[in-house]
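Read the structure below first, then the notes.
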């Protein structure tokens, strides 16, 4: 308390508290600033650890798959692997495409026209992973149940998809996803 | 609190520098415990025993397990066939998970019946729930390690739960997987975390015991001990009682381990994981079935996930939902009945979770889900106001000594606390 007099002289700068108000404010600021910097530093140090859990370079490198569509006859379906996930490829017939074009889009849970989901209407290419909780829907094999809308049926929690892979009934919120792909020739595609 | 006089010189030497022997004597020997505890108070120590069994068997299994998608399934089969006593270690570990949950669920429902979550034991209760959540995470990741069909698809469905989170869900799932599907990076990190989390559980158990020893155990009549005549030293009275209970419990545990080791398992998990084919009927382990039933009862993805986590979340605020000052259901005539309805409701949810989600199962599942939440959010707050409890005994000793005249003479008159 030896400097009490000198501090009192600057009292008007403090919060009006008696005695060491000025010093306390200065210390509070330094204390808060140092703590905040420490917290930011700690948070920054956490990021490399979290990001190390994200896909590594070698995993990302496996991100394209080439598919030869030549051997797939009309009405047939094949499953290929892209990024560890099944990709459904179905060769659709004219009649089926016309039927799907007639669907009233407004009634769908995830409204999307069939034409928006394909690059060539006879080739439907989708990620074969149910948008509910990630099971693989049935419908690729001729013996599989195709659900109430003639497309795919997920046995885990009962989601029904139509011939365009659009969700029609059940807990899944979205249509089966369409992966990025392009036709490299008339009968081959590159997914990814 | 006074330090006991140890006869061994070395013990005295150590205790003077670090009071570990005094501490153990105080907390494990003379620790005053209500003298009216019944066998439902055995399950805390049984859960602790199972935690030790799981850690020990797990450490030895890890010495022979390979966390790689190409080798995991085969390394588990090698443990079963070639490793000396490997079959025993694995079945003790797999059935141990079930019996750990059996002990913990009975422990939890004991707390619900006797009001052990009420003031001043709210933190004790919440720390217990933290242990339960850590146990579920650990058990789930352990189930993935053998890399069978149920392992793979269980991992896929459960990690996909996080995709329901708006905006960041998909990124979180990719982060959890370390790729674009459940694959080798996922298996590696699950093994790492499965090894880590049990030690986190040990840490929370220490906090749980700390909170317990601050106010001591609740008891079947739910009133506080009012002096020495209401309690017994923990050793030898409750160490002996707990050890006897442990013998009975272990009979059941070893009975399943050695005579029906696959009773709790799924045959599909003896098929190696195939990312291209989903089994027709995915079910989690029995101890997760009620939550799974709640998840499927809600037709909305995010809603289902929220309610599923909410089923545990609501237990965290239970001490503030049940405002009745009376702890034990023995003196709460209406609560006693809704308690058993809740038990039945949880069993129904478990049964629904094991069945495919169609027809009547959906209707029953929804009704049971609504009732579960209504119990905590509607019935308990209402009972706190409208229920008229029965008169409480004057002390713990009173009901214990009623009719047992001979013992009465040795008990000193009650000291007023």
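Would you say residue A:172 is buried (at least 20 other Cβ atoms within 10 Å of the Cβ) and either within 30 Å of residue B:280 (Cα to Cα) or over 25 Å from the mean Cα position of the chain (by Cα) (or both)?
Criteria met by residue A:172.
Being closer than 12 Å to residue A:88 by Cβ and over 17 Å from the mean Cα position of the chain (by Cα) is the filter; apply it to the range A:125-145 and report the residue that is farthest from the other protein chains (Cβ to nearest Cβ). Break it down into steps so the answer makes sense when it comes.
The first filter runs over the range A:125-145 and keeps only residues closer than 12 Å to residue A:88 by Cβ, leaving A:125-130, A:136-141, A:144.
Right, trim to over 17 Å from the mean Cα position of the chain (by Cα) and you get A:125, A:137-141, A:144.
Values: A:125: 16, A:137: 8, A:138: 8, A:139: 12, A:140: 9, A:141: 10, A:144: 11 Å.
It comes out as A:125.
Any residue at all in the range A:109-116 that's within 14 Å of chain B (Cβ to nearest Cβ), under 23 Å from the mean Cα position of the chain (by Cα) and within 26 Å of residue A:63 (Cβ to Cβ)?
Filtering the range A:109-116 for residues within 14 Å of chain B (Cβ to nearest Cβ) gives A:109-110.
Keeping just the survivors that are under 23 Å from the mean Cα position of the chain (by Cα) gives A:109-110.
Still in the list and also within 26 Å of residue A:63 (Cβ to Cβ): A:110.
Yes, the range A:109-116 contains a residue that is within 14 Å of chain B (Cβ to nearest Cβ), under 23 Å from the mean Cα position of the chain (by Cα) and within 26 Å of residue A:63 (Cβ to Cβ).
Do any helices (runs of 4 or more DSSP H) lying entirely in the range B:310-417 carry at least 3 residues that are at pLDDT 90 or above, and which ones are they?
Fully inside the range B:310-417 and qualifying: B:318-321, B:333-353, B:360-374, B:380-386.
What is the residue count in the range B:37-49 for residues that are more than 15 Å from residue B:240 (Cα to Cα) and either buried (at least 22 other Cβ atoms within 10 Å of the Cβ) or at pLDDT below 95 (or both)?
Here the count works out to 1.
Just to be sure before I move on: is residue A:164 assigned by TED's automatic domain parsing to the domain that holds residue A:69 and crowded, with 21+ Cβ neighbours inside 10 Å in the structure I sent?
Details: assigned by TED's automatic domain parsing to the domain that holds residue A:69: yes; crowded, with 21+ Cβ neighbours inside 10 Å: yes.
Yes; evaluated as a whole, the condition is true for this residue.
Taking the range A:65-88 as the search range and keeping residues that are on the phi < 0 side of the Ramachandran plot and free of Cβ contacts under 8 Å to residues at least 60 places away in the same chain, which one is farthest from the other protein chains (Cβ to nearest Cβ)?
Ranking the candidates gives A:74 first.
Quick check on the range B:100-116. Is at least one of its residues closer than 28 Å to residue B:66 by Cα and in contact with a helix residue (DSSP H, G or I) (Cβ under 9 Å, 6 or more places away or on another chain)? I'd like the intermediate steps shown before the answer.
First, pick out the residues of the range B:100-116 that are closer than 28 Å to residue B:66 by Cα: B:100-101.
Narrowing the set further to residues that are in contact with a helix residue (DSSP H, G or I) (Cβ under 9 Å, 6 or more places away or on another chain) leaves B:100-101.
Among the residues of the range B:100-116, at least one is closer than 28 Å to residue B:66 by Cα and in contact with a helix residue (DSSP H, G or I) (Cβ under 9 Å, 6 or more places away or on another chain), which makes the answer yes.
Looking at B:159, B:174 in this structure, which one is within 30 Å of residue B:72 (Cα to Cα), touching a helix residue (DSSP H, G or I) at 6+ places or on another chain (Cβ under 8 Å), part of a helix (DSSP H, G or I) and at pLDDT below 95? Break it down stepwise before answering.
Details: B:174 fails: touching a helix residue (DSSP H, G or I) at 6+ places or on another chain (Cβ under 8 Å).
None of the others qualify; the one that does is B:159.
Just to be sure before I move on: is residue B:137 in contact with a helix residue (DSSP H, G or I) (Cβ under 8 Å, 6 or more places away or on another chain) and within 14 Å of chain A (Cβ to nearest Cβ) in the structure I sent?
Values: in contact with a helix residue (DSSP H, G or I) (Cβ under 8 Å, 6 or more places away or on another chain): yes; within 14 Å of chain A (Cβ to nearest Cβ): no.
So residue B:137 fails the test.
Kindly indicate the residue of the range B:203-224 that is under 19 Å from residue B:112 (Cβ atoms) and part of a helix (DSSP H, G or I) and also nearest to the chain's Cα centre (by Cα) among those meeting that condition.
Result: B:208.
The values are calculated or read from the model by the stated rules, or taken from the named source; none is laboratory data. Keep in mind it's a predicted model, so treat the numbers as computed, not measured. Methodologically, a virtual Cβ is constructed for each residue, glycine included, from the backbone with ideal geometry; neighbour enumeration extends over all protein chains shown.
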